[in-house]
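Visitor: I have a structure here, written as structure tokens, and I will follow up with some questions on it.
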């Protein structure tokens, strides 16, 4: 079983200028294949466009910086690498719209596009056959200082004799009407940039940034459940993208909206190309957090690039939902098992008793997801599958939206972890990737996102994919049973499990669960309460007569307390060494049994006990001969445990089926 992801992920630059940082200047989600950026399908290309003052300010550019490179971002690669000469021109401006009067590249009257511009780059350029970022450090031109306003950018690419390629597709920004002029040809270099377009290439510019601390990400809840998820500590990943170590960096957390809060902590030292996760003081319910919408912000002092000094997100303080997913849009990346099956999970923790009844999942917007069967799941802290929803076939209407799955059996948790998630069934004929993501800085927050097999069990943490869009629908519930103690004691013939309650409210029954590895638990007995509701202390005892049949040297026990409404709460786990001894008698027969059960080679005075799965004694006697026949005709169909002992020595423990 292997987890796959698909979608647009820009992994690295083709070229990099280690000394200086390339900053996204204008992003773009539109695309173009007609020479808005350098393209190997044409021999001759010229383009000129405007970066406005507001765009450069929003990108964090500060004045008096020497610009040292330009970059472009491609959605799709060209078919082969191509090489030609490449020139770049820059010019400072206060223009907010494209104002160059001439469409000529240059002329004697000094009114052409490049007249008055500075040639900052004049070198050979290889356009690779790859998507992602193409970052080009300036060389062969004059130095250029940004003065704080806007910029005109012009470039010329010539490949007069080399091979051509099928076109690449560049990401473009369409926010500025008529913001670009260009021309392109496979035959001649055109002096007239007659084509006018709203499609400017997504552009990256670089300059030296000795001091550049960045708020890479905020780790909190997009839906903060109160009081169940409290106390809750907000964290932020702070990175040093600059060229010098940083010391004593103040980091400020601020909450505004339904709740207000401010705290500043200081990072003593932050090396170049390193990051640290800073955790603020936990938010508690001492002051009663108000339901509603918060704006959560983390801020750093201004430095050599201000675009990443502040990061904010919207948080909903909720009484019935918890999630890491926030109000951000789905990213272009989606995750799944392709043709295979498996679970995609988020792990949450609650402090006060909370019932989980639904799972809400962001379904990725991909046509291949429609028609496939999925369902919601709930697992305990050990990866055991507790509940699931009915199967659901995804429809086209589900794509790009959230879908809520109702669990067949809600379960309650207190002071413990649990997992909710999406189960993807296999489709060997056509793979699909059903889970939508939001971007989260790599590595993602620890202890949050997991994958595993459909049956649960061993889970694998996922730190490289992003934020899983999986929400838990919850209901705070009063604690129906106040458990005072739980113990498990080894006895000669069985394990005695004892527990005591102080009060009980709406208690339907207890289930005693056992595990041989502390991970996978199964029910070994069921005990009815003294009363569904009681304000008095009660003590309970269960004898696990089948314990000696287990091969493990240690056994693990826990209680599952089930309410009258079907919700369940799990106790802590207790451990006991398995009782020594093993079978020294031949097994009873037939098994499965029908009307009678036969035992042989019994020592005189051997004690024989048979119990059902609830621990109820259905037979007890002392052998007076070497053979013994028990009448099982009146026993209901089910599973039984046979124990034969002599004094303190266990002679036989056998699981029986009727």
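Quick note: the coordinates plus some simple rules give every number you see, no bench work behind them. Worth saying up front: this structure is predicted, and the values here are computed from it rather than measured. Every residue, glycine among them, receives a Cβ derived from its backbone with ideal geometry; neighbour counts consider all protein chains shown.
Visitor: Which label belongs to the value computed from this structure, given these candidates for percent of Cα pairs over 38 Å apart: (i) 53; (ii) 42; (iii) 47?
Guide: Read-out taken from this structure: (i).
Visitor: Now for a different question. Can you put 442, 171 in order, fewest other beta carbons within 10 Å first?
Guide: 442, 171
Visitor: Estimate the FRET efficiency between residue 164 and residue 390 by the formula 1/(1 + (r/R0)^6), using the beta-carbon distance for r and 56 Å for R0, to the nearest 0.05.
Guide: Plugging the Cβ-Cβ distance into 1/(1 + (r/R0)^6) gives 0.50.
Visitor: Hey, another quick one. Can you work out D for segment 213-319 in µm² s⁻¹ from Stokes-Einstein, where Rh is the Kirkwood radius over C-alpha pairs, the temperature is 4 °C and the viscosity is 1.567 mPa s?
Guide: So the translational diffusion coefficient is about 90 µm²/s.
Visitor: Using Cα-Cα distances under 8 Å and only pairs 6 or more residues apart, what relative contact order does the chain have, in percent? The partial results should precede the final answer.
Guide: Working: 1910 pairs, mean separation 69.4, N = 658.
Value for the chain: 11 percent.
Visitor: Over the alpha carbons of segment 395-552, what is the largest minus smallest coordinate on each principal axis, giving the biggest first in Å?
Guide: That gives 55, 40, 32 Å along the principal axes, largest extent first.
Visitor: If you don't mind, there's one more thing I want to ask. Taking 7 Å along the Cα-to-C-beta vector as the label spot, tell me the residue 585-residue 535 distance in nanometres, rounded to one decimal.
Guide: 5.0 nm
Visitor: Measuring from centroid to centroid over Cα atoms, what is the spacing of segment 224-240 and segment 405-433 in Å?
Guide: Here the two parts' Cα centres lie 24 Å apart.
Visitor: Here is a further query. Can you tell me the length gained on complete extension of the stretch residue 190 to residue 290, counting 0.36 nm per residue apart and subtracting the Cα distance?
Guide: Extending this stretch completely gives an extra 29.5 nm.
Visitor: Sort 201-208, 627-634 by the packing proxy (mean of other Cβ within 10 Å over each peptide's residues), most packed first.
Guide: Details: 201-208: 23.5, 627-634: 12.8.
So the peptides 201-208, 627-634, ranked by packing, come out 201-208, 627-634.
Visitor: Rounded to the nearest 0.05, what FRET efficiency do residue 502 and residue 565 have when you use their Cβ-Cβ distance and R0 = 30 Å?
Guide: About 0.90, to the nearest 0.05.
Visitor: Need one number: nm distance between label points at residue 104 and residue 327, each 7 Å from Cα along Cα→Cβ, rounded to one decimal.
Guide: It is 5.3 nm.
Visitor: Still on this structure, I have one more. Using alpha carbons only, what's the Rg to Rh ratio of segment 495-535 with Rh from Kirkwood?
Guide: We get a ratio of 1.05 for segment 495-535.
Visitor: Residue separation times 0.36 nm, minus the C-alpha to C-alpha distance between residue 94 and residue 29: what's the value? Could you put the intermediate results ahead of the total?
Guide: Details: separation 65, 0.36 × 65 = 23.40 nm, distance 2.59 nm.
This chain segment gains 20.8 nm when fully extended.
Visitor: Give me the extension gain from residue 622 to residue 260: residue separation times 0.36 nm, minus the current Cα-Cα distance, reported in nm with one decimal.
Guide: 122.9 nm
Visitor: 222 nm [θ] for the chain, helices only, -39500 (n - 2.57) per DSSP H run of 4+, per residue, to 500?
Guide: Taking each H run of at least 4 residues, the total per residue is 0 deg cm²/dmol.
Visitor: Still on this structure, I have one more. If you take the Cα Rg of segment 483-618 and divide it by 2.2 N^0.38 Å, with N the number of residues, what do you get?
Guide: Numbers: Rg = 16.9 Å, N = 136, 2.2 N^0.38 = 14.2 Å.
Taking N as the residue count of segment 483-618, the ratio is 1.18.
Visitor: Between residue 233 and residue 401, what is the spin-label point distance in nm, taking each point 7 Å from the Cα along the Cα→C-beta axis?
Guide: It is 4.0 nm.
Visitor: I'd like the distance separating the alpha-carbon centroids of segment 385-400 and segment 591-658, in whole Å.
Guide: Spelled out, the Cα-based centre of one part sits 47 Å from the other.
Visitor: Using a Förster distance of 45 Å, how high is the FRET efficiency between residue 139 and residue 370, based on the Cβ-Cβ distance and rounded to 0.05?
Guide: Working from the Cβ atoms, E equals 0.35.
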